[in-house]
Amino acid sequence: MYRPVLFRDRSRPAQVVIGGLVPAAIGALAGVLLGVAAAAYWAVGALAAVGGFAAGFEHRDGWGGADRGFFGGAIYGTALLVAHAVAGTHAKVSLGSFPPFLAVITAIAGMLLGAAGGRIARVQRARDGAALGDETVIR
């Protein structure tokens, strides 16, 4: 079974890049594409959702995945809105009556996706009896 390196065991620079810069870059891309084509915007959103779910596997359980997903989703949503504002294009998809609320929505979605990934990873580790640093999951 594939066991990714836990996020907490990565170097601080790697944590900043993976946990902060990657969601910001993908969010900025989505923000630019928001004014180009709805399909492209949704495709990048789907990619971000898969990434949020997969990021949960780098945590010991659903709670850790939820924390990371919340912040990653908030960074993604904020970068999306900033990039769209900088691009100055007309949105091809509705951002609702209060666009800043999108960052809250993406944070909640990221939290749920990360929690799901973390929970599944925990179940897999428990099933395999995998060691988790200073504690071992017992079957």
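Working from Cα positions, state the angle (0 to 90°, nearest 10) between the long axis of helix 22-34 and the longest principal axis of the chain. Tilt of helix 22-34: around 30 degrees.
Here the chain is treated with +1 on each Lys and Arg Cβ and -1 on each Asp and Glu Cβ, and its dipole about the Cα centre works out to around 200 debye. When the Cα positions of L112, H84, A74 are compared along the charge dipole of the chain, L112 comes out farthest toward the positive end, with charges on each C-beta of Lys, Arg, Asp and Glu. Only Cα pairs under 8 Å and 6+ residues apart enter the sum, and on that basis the relative contact order of segment 16-83 stands at 52 percent.
Any idea which of G64, S97, A28 is furthest toward the positive side of the dipole for the chain, if Lys and Arg beta-carbons carry +1 and Asp and Glu beta-carbons -1? Going by the Cα projections, it comes out as G64.
Remark: relative contact order (the chain) = 30 percent; criterion is Cα-Cα distance under 8 angstrom and separation of 6 or more residues.
Readers should treat all values here as calculations from the given coordinates under stated rules, not as data from a laboratory. Model, not experiment: these values are computed from the prediction. Methodologically, a virtual Cβ is constructed for each residue, glycine included, from the backbone with ideal geometry; neighbour enumeration extends over all protein chains shown.
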